[in-house]
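Notes follow the structure.
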Amino acid sequence: MIAANDIRPGMIVEMDNTLFTCTDFQHVKPGKGGAFVKAKFKNFHIGSIVEKTLRPEEKFHLVKVFKRNVSFLYQSQDNYTFMDSDSYEQIEVPQNKVGDAAGFLKENDEASLLARDDTGEIMGIELPTTVNLRVTETDPGFKGNTVTGATKPATMETGIVVQVPLFVNVDDLIRVDTRTKTYIERA
């Protein structure tokens, strides 16, 4: 158990039988009355943000998470198969645990599986900050469409659509930020 005063950004806590990641934390001591804690939490499964005002003595269950380095092997129906980089064990992960990360996974790509320390339950996938993807479909950039910052949609080899600059063409290899799903540069 952990007190509200001890919660810090990045910690995963269990509230109301749901897992939340602390994204922002502020200890407030007003001139009148008792101190309190203002914190923002991101629902680990849904992704919604909740802002809570807590008493410093409130207790929460701290969830410890460990990472396993894995390589993505293949997708079959609603399961994604990964191989543990250390033990070479194959691990099947349901699609709902992979979530939006599926749009960035290619064969043999490295990732991390997040699992609860107490139960071993797989909670999700953590991707590298950037990945290189090949453009499979995009409209040609027209001469004269040179407004600063002009973009066009491009479909990647994994199926996701990313906004790219007008000079990017089919078969170009580009670097994409996995956190924001945005174009960074040509690779």
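Things worth noting here:
- Test: residue in the range 95-104 that is touching a residue at least 12 places away in the same chain (Cβ under 8 Å), assigned to a strand (DSSP E or B) and not polar (S, T, N, Q): no
- Residues in the range 48-83 that are part of a strand (DSSP E or B) and basic (Lys, Arg): Lys52, Lys59, Lys67, Arg68.
- Boolean, Gly103 is over 29 Å from His61 (Cα atoms) and of a type outside the set (Asp, Glu): yes
- Glu121 being in the same structural domain as Asp84 (by TED's automatic domain parsing), within 18 Å of the chain's Cα centre (by Cα), at pLDDT 90 or above and not aliphatic (A, V, I, L, M): no
- Conditions (1) under 19 Å from Thr119 (Cα atoms); (2) surrounded by 12 or more Cβ atoms within 10 Å (Cβ to Cβ); (3) not assigned by TED's automatic domain parsing to the domain that holds Gln26: number failed by Ser85: (1)
- Test for Val168: is it in contact with a Lys or Arg (Cβ under 7 Å, 6 or more places away or on another chain) and either among the aromatic types (Phe, Trp, Tyr) or not assigned by TED's automatic domain parsing to the domain that holds Gln75 (or both): no
- Flag if Asp171 is under 20 Å from Lys67 (Cβ atoms) and either in a strand (DSSP E or B) or touching a strand residue (DSSP E or B) at 6+ places or on another chain (Cβ under 9 Å) (or both): no
- Within the range 25-47, being part of a loop (DSSP other than H, G, I, E, B) and loosely packed, with under 13 Cβ neighbours inside 10 Å holds for Lys29, Pro30, Gly31, Lys32, Gly33, Gly34, Ala35, Ile46, Gly47.
- Exclusive hit being assigned by TED's automatic domain parsing to the domain that holds Ala111, modelled with pLDDT under 90 and either over 30 Å from Lys106 (Cβ atoms) or of a type outside the set (S, T, N, Q) (or both), set Asp24, Asp16, Asp6, Asp78: Asp78
- Taking the conditions (1) of a type in the set (A, V, I, L, M, F, W, C); (2) touching a Leu at 6+ places or on another chain (Cβ under 6 Å); (3) at pLDDT 85 or above in turn, Ala150 satisfies each one other than (3).
- Any hit, the range 93-110, residues being touching a helix residue (DSSP H, G or I) at 6+ places or on another chain (Cβ under 7 Å) and among the β-branched types (Val, Ile, Thr): no
- Boolean, Gly141 is in contact with a Gly (Cβ under 8 Å, 6 or more places away or on another chain) and not assigned by TED's automatic domain parsing to the domain that holds Leu19: no
The values are calculated or read from the model by the stated rules, or taken from the named source; none is laboratory data. Keep in mind the model is a prediction, meaning the values are calculated, not measured. FYI the Cβ positions are ideal-geometry reconstructions off the backbone, even for glycines, and counts take in every protein chain you see.
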